[in-house]
Every structure is written in C-alpha cells, then in structure tokens.
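Asks: If you scroll down you'll find the structure; I have some questions about it.
The values are calculated or read from the model by the stated rules, or taken from the named source; none is laboratory data. Values in this document were obtained by computation on a predicted structure and should not be read as measured data. Cβ placement follows ideal geometry from the backbone for every residue including glycine, while neighbour counts extend to all protein chains displayed.
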Amino acid sequence: MALTSKLACLTLIVPGLMMATIVVPPPNIYSYSITGQGFDPSTGLEVAGSTFNISFSTNGPEEFNAPNNFLRTFSVTGTPAAGWVLDPSNQGLTSYGSDGAAFATFDDTNGDAFGNSSVTYEFFGSDAFWAAPGSNIPFTPATPNAPPAADSGAFFVFNSAGAQSDPPCTNCTVNITGTPEPSSVALLAAVGGIFLLYRRKRRNWLTD
C-alpha cells in the first residue's frame, strides 16, 4: 500500500477515534430498596409485623437538591398496617434539611386510628450515606423532632387535627446498589476495540 494511501486512512481513523473517546458515558444507575417497619394503629408506635417496601432508581446516587430528570423509577408495595393504603399522589423524593430523602404517604381507609387521616414515612440521609452500596443499612439515628443528622434517619408523621407526633422508625433499612449503565459499558468496549484494531493496522502498515 502506498504511503499516501496509508496516511489518508489514518486521517480518517484518528478523528473518528478522538470523537468516540470524548463521548461522555451515561451516569451510574443507583437502585434503592427501603424496608419500612409498620406501626400499631392503636398506639401509633412502631411495631413488628406489617412492612412495606419503597424501590427507586436514580441517575447516580440520591443526593440533596438533585437535578431534573434525576429519578428514573419509583414504586411502593405493601402497607404499614391493615386498612392503610398508599396515596399515589404523595410519594417520591424530597429533601429533609440539607439531606436527600424518600417518602411515601398512606391513608387510613378504616378510619380506626384515632381519627388520623394519613401517615407519611420519610427516610433521609447525607449524600455520602446514599452513595455507599450495601445491604440492610439502618437509618440511624432517628431521633424524633431532631434536625437531620450527619448520617441518616427515618420517621413517620401522623397527619391529623390533633397533636402531631413523629416516632422514629428504628427498624427501617435500605439496600443500595450502584451499577454502570449497560450502554456505557458497551461504549467503552467498542472504543477499546477500535483502538486495538487501529494499533494493529498501524503496525502492519508501517511494516509493509
């Protein structure tokens, strides 16, 4: 192959490689699975028995003041007590103090819990807390009527006309996983393959 033809091929391949390598891959996808502990409607306090689950995924770890289009999926299953059902219009991600938080609200369809119309569970943590993958991570400390801690916390609030209370959810836990977006893995593999092919072709051309 003539030298001019080799140089022409290189002028086509090199810019293509440069364009491929400057593509910014999508962010890591973080998935969260929160187990919320139920409560006793007769006392309004946390009690073993009923549990519910909040599952959501985000573009990167959950954080305070997350950008638009940050939340990918959000779903709630189960109930904290018999006769209480999810309010689908009052759930999602929010902030608590300077922490990112997830919340879900349940309505009392039985009307048997001292006139309470709904209860809202809130789970909050620092950016570092939400960014650390792990299993069965407790939300601690969870002190009632306290500002956000440097770590995390969980509590539930009864929305009623009477006295307000926000008991801590001491048995609430979360599973956190962070995995690369499949398309970013494919992109990096493709770029690596093109680069290796270029090096092999270049070596062959220079020895011809």
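Asks: Step by step: first the residues of segment 149-173, then only those that are under 20 Å from the mean Cα position of the chain (by Cα) and surrounded by fewer than 17 Cβ atoms within 10 Å (Cβ to Cβ), then the one that is modelled with the highest pLDDT. Which residue is that?
Replies: The selected residue is Asp151.
Asks: Write out, first by first residue and then by second, each pair whose Cβ atoms fall under 8 Å of each other, whose residues are 6+ apart or on separate chains, and whose first residue, in segment 40-53, is closer than 18 Å to Asn110 by Cα while the second is among the hydroxyl-bearing types (Ser, Thr, Tyr) and modelled with pLDDT under 85.
Replies: Once the first residue is closer than 18 Å to Asn110 by Cα and sits in segment 40-53, its partners that are among the hydroxyl-bearing types (Ser, Thr, Tyr) and modelled with pLDDT under 85 give Gly44/Ser165.
Asks: Across segment 36-49, which residue is modelled with the highest pLDDT among those that are among the small types (Gly, Ala, Ser) and surrounded by 17 or more Cβ atoms within 10 Å (Cβ to Cβ)?
Replies: Of the residues in segment 36-49, the ones among the small types (Gly, Ala, Ser) are 36, 38, 42, 44, 48-49.
If we keep only those that are surrounded by 17 or more Cβ atoms within 10 Å (Cβ to Cβ) as well, we get 36, 38, 44.
On the way: Gly36: 97, Gly38: 94, Gly44: 85.
Filtering first and then ranking leaves Gly36.
Asks: Moving on. Working only within segment 46-61, note down all residues that are assigned to a strand (DSSP E or B) and not aromatic (Phe, Trp, Tyr).
Replies: Scanning segment 46-61 gives Glu46, Val47, Ala48, Gly49, Ser50, Thr51, Asn53, Ile54, Ser55, Ser57, Thr58, Asn59.
Asks: Output the residue which, of all residues in segment 105-126 that are in contact with a strand residue (DSSP E or B) (Cβ under 8 Å, 6 or more places away or on another chain) and of a type in the set (D, E, K, R), is modelled with the highest pLDDT.
Replies: Here the answer is Glu122.
Asks: Quick check: anything in segment 93-104 closer than 19 Å to Asp40 by Cα and either modelled with pLDDT of 95 or more or not assigned by TED's automatic domain parsing to the domain that holds Cys169 (or both)? Break it down stepwise before answering.
Replies: Taking segment 93-104 as the starting set, the residues that turn out to be closer than 19 Å to Asp40 by Cα are 104.
Those still in the list that are either modelled with pLDDT of 95 or more or not assigned by TED's automatic domain parsing to the domain that holds Cys169 (or both) too: 104.
Yes, segment 93-104 has at least one match.
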